[in-house]
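Worksheet for the structure shown next.
The values are calculated or read from the model by the stated rules, or taken from the named source; none is laboratory data. Here the structure is a predicted model, which is why all the values come from computation and not from measurement. Cβ coordinates were reconstructed from backbone atoms using ideal geometry, including for glycine residues, and neighbour counts include every protein chain displayed.
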Amino acid sequence: MNFLVEGAEHRRLDVYLSERLSATRSHVQRLIADGLIKVDGEQVKASYKLAGGEEISIQETNAAEVEYLPEDLPLDILYEDAALIVVNKARGMTVHPAETVKHGTLVNALLYHCKDLSGINGIKRPGIVHRLDKDTSGVMVVAKTDAAHTSLAEQIKDKVARRTYLAIVHGVLTDNAGIITGAIGRDKVDRKKMAIVPNGKPAVTEFKVLERFKDFTYVECKLQTGRTHQIRVHMTAIGHPLLGDTKYTTRKNPFDIHGQALHSHTLSLIHPTTGELMEFTVPLPDDMRIVLDKLEGKG
């Protein structure tokens with residue numbers, strides 16, 4: 001995979017690539033150290049300062065060679081070809097392995113199913129361009145090749161790829177629509193939580209009320225940015241935390257739903273190979289549908 005550097009004068013190579021590829025900086029540094037990333041055909045250090053216009057080449061990697069990852073788990077596949085795979089992730093399924101989660105993740109299932117995933121994000125997060133929280137359900141795209149990964153990551157960064165979420169929140173929103181802004185970073189007290197903080201990353205969430213009930217509101221949220229727990233943090237910040245979100249609220253959950261009532265409803269993107277505009281939509285999971293039926297007096 002080759003591409004030209006644009007708008008990155010005087011920036012470090014590893015910093016530039018981690019942002020462009022949506023990969024961790026440490027992983028990019030490992031690829032550079034292993035000689036898998038070159039600038040104008042030459043191996044350089046991670047601290048190399050870019051001038052702009054250089055050609056960067058990245059050797060294709062194959063994360064599926066790691067023997068302990070593949071697991072035969074059920075997958076709800078919406079679309080698949082040689083470049084990407086789009087799935088409907090179930091609530092309760094972790095996206096990728098971590099120190100405390102080694103098995104049963106979406107990545108484990110994907111590696112068993114398709115064998116070939118982008119290696120840009122390393123052996124624990126192969127193919128993962130964007131992620132959903134464990135207890136958030138819905139549509140997400142995974143890259144099979146490094147070239148597709150780069151394209152999809154740039155589309156998300158440049159807001160070409162669009163994501164729409166559906167949520168049930170506590171309380172009754174008075175405004176029919178609005179925009180929530182607030183830089184997001186680690187909570188200073190509880191490092192497992194995110195919060196609006198002065199030195200956080202810029203974050204913008206659009207919301208629209210779909211239906212109001214006595215004590216809850218059904219809303220649509222669109223992401224202008226993609227920060228960790230963004231919708232959960234922003235809705236909490238305006239006094240309307242998500243139903244079932246035990247991390248960000250202590251409000252009572254009177255319904256049989258485990259985890260926050262948040263669903264990735266639609267995803268639109270440009271196919272990285274064909275250039276075709278594609279949109280994927282998945283209906284609400286049963287647990288959220290049942291909650292809405294009860295709020296509407298149907299159940």
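Within the stretch 233-246, take every residue that is surrounded by fewer than 20 Cβ atoms within 10 Å (Cβ to Cβ) and assigned to a loop (DSSP other than H, G, I, E, B) and give me the one that is nearest to the chain's Cα centre (by Cα). By that ranking, first place goes to Thr246.
For Leu284, the test of being assigned to a loop (DSSP other than H, G, I, E, B) and touching a residue at least 40 places away in the same chain (Cβ under 8 Å) is passed. Val139 meets all of the listed conditions (1) within 23 Å of Val87 (Cβ to Cβ); (2) surrounded by fewer than 23 Cβ atoms within 10 Å (Cβ to Cβ); (3) modelled with pLDDT of 95 or more but one, namely (2).
The criterion of being of a type outside the set (Ser, Thr, Tyr), over 18 Å from the mean Cα position of the chain (by Cα) and not in a loop (DSSP other than H, G, I, E, B) does not hold for Arg251. Residues in the stretch 159-192 that are within 26 Å of Arg20 (Cα to Cα) and buried (at least 21 other Cβ atoms within 10 Å of the Cβ): 4 in all.
Checking each residue in the stretch 74-111 for being closer than 21 Å to Lys192 by Cα and among the aliphatic types (A, V, I, L, M) picks out Met93, Val95, Ala98, Val101. If you check Glu154, Glu220, which single one turns out to be of a type in the set (Asp, Glu), closer than 17 Å to Leu292 by Cβ and within 20 Å of the chain's Cα centre (by Cα)? Just a single option satisfies the conditions, and that option is Glu220. For the stretch 195-208, the criterion of being within 21 Å of the chain's Cα centre (by Cα), touching a residue at least 40 places away in the same chain (Cβ under 8 Å) and part of a loop (DSSP other than H, G, I, E, B) is met by none of the residues.
In the stretch 129-142 there is no residue that is outside the structural domain of Val204 (by TED's automatic domain parsing), over 15 Å from the mean Cα position of the chain (by Cα) and of a type in the set (S, T, N, Q).
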